[in-house]
């Protein structure tokens, strides 16, 4: 099965596990596909990967909560 992802952002960080896209809670309400834009630094990326790993290993988690609120990341 092949899926196509329509990405409108120039840079998006997506996480996959066992061939499926992981839903993220970024503080914007609802499930997000990925994190648009550039991350602030290496530590922010490490914290995000750790949160995704914890979410994947907790079998009951249907959505992964990001360690940072990205609702105002674009400055809107």
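The values are calculated or read from the model by the stated rules, or taken from the named source; none is laboratory data. As the structure is a computational prediction, the values presented were derived from the model and not from experiment. Cβ atoms come from the backbone with ideal geometry, glycine included; neighbour counts cover every protein chain shown.
Remarks
- Among (1) out of contact with any strand residue (DSSP E or B) (no Cβ under 9 Å at 6 or more places or on another chain); (2) in a loop (DSSP other than H, G, I, E, B); (3) surrounded by 13 or more Cβ atoms within 10 Å (Cβ to Cβ); (4) at pLDDT 75 or above - the single one residue 61 does not satisfy: (4)
- Test: residue in the range 37-57 that is modelled with pLDDT under 70 and not in a strand (DSSP E or B): no
- Filtered by the rule that a residue be modelled with pLDDT under 80, within 16 Å of residue 62 (Cβ to Cβ) and part of a loop (DSSP other than H, G, I, E, B), the range 6-36 gives 26, 29, 30, 31, 33.
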